[in-house]
Each structure stands twice: as structure tokens, then as C-alpha cells.
Amino acid sequence: MKDNYLGQTIKALRKEQGLSQRRLGELIGFSNQTVSFWESGRMEPNADTLVKLAKYFNVSTDYLLGLED
């Protein structure tokens, strides 16, 4: 995403829960480097991972993608 809305949203949700990138990665099965790449916009999670993130944070995938408030 050009404006990196997804990465900013993941970062905000992670920080709201007081998680480090390393801890979030551990909880959902990824490295802290991968989480960092998502947050910086260097990579985007695939569809399965997007669902995993949405379930973990108890939000919809549409929310993560900026399609709903």
C-alpha cells in the first residue's frame, strides 16, 4: 500500500497492547524482522497472515486494510 496504512495500523494495534515486534512475531509465528517489514511497508502480509493478525487483534481484515473504521 502506498500510504502504508496497513503497516501503521499493525504498529498502532501492537503498541496499544504493549507488545514488542519480537513478541507479536512470536505470538503469530513470524520473526520480529518480518513484523518490522510489515510496519515499515517493505512487505505486506499475505491473506492468511492478514486473517491471523485480524483474529489476534480482534478486528476485521477490512479494518486492517483501512476499508472500515
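The values are calculated or read from the model by the stated rules, or taken from the named source; none is laboratory data. Only a predicted model underlies this, so the values are computations on that prediction, with no experimental measurement involved. Note that each Cβ is placed from the backbone with ideal geometry, even for glycine, and that neighbours are counted across all protein chains shown. In case anyone asks, the SASA skips ligands and DNA or RNA and just uses the protein heavy atoms, side chains included. Shrake-Rupley method; radii C 1.70, N 1.55, O 1.52, S 1.80 Å.
Give me the percent of the accessible area of the chain that comes from carbon and sulfur atoms, probe 1.4 Å, all protein chains in place.
44 percent
Taking the Cα centre of the chain as origin, sum charge times position over the Cβ atoms of Lys and Arg (+1) and Asp and Glu (-1), and report the length of that vector in debye to the nearest 20.
320 debye
Over the alpha carbons of the chain, what is the largest minus smallest coordinate on each principal axis, giving the biggest first in Å?
Principal-axis extents of the chain (Cα, largest first): 27, 24, 22 Å.
Could you tally the net charge around Ser20, taking each other residue with its Cβ under 10 Å from the Cβ of Ser20, Lys/Arg +1 and Asp/Glu -1?
Summing Lys and Arg as +1 and Asp and Glu as -1 gives +3.
Please give the contour-minus-distance gain from Ser40 to Gln8: 0.36 nm per residue of separation, less the Cα-Cα distance, rounded to one decimal in nm.
10.7 nm
With every protein chain present, what is the per residue accessible area of the chain (1.4 Å probe, Å²)?
63 Å²
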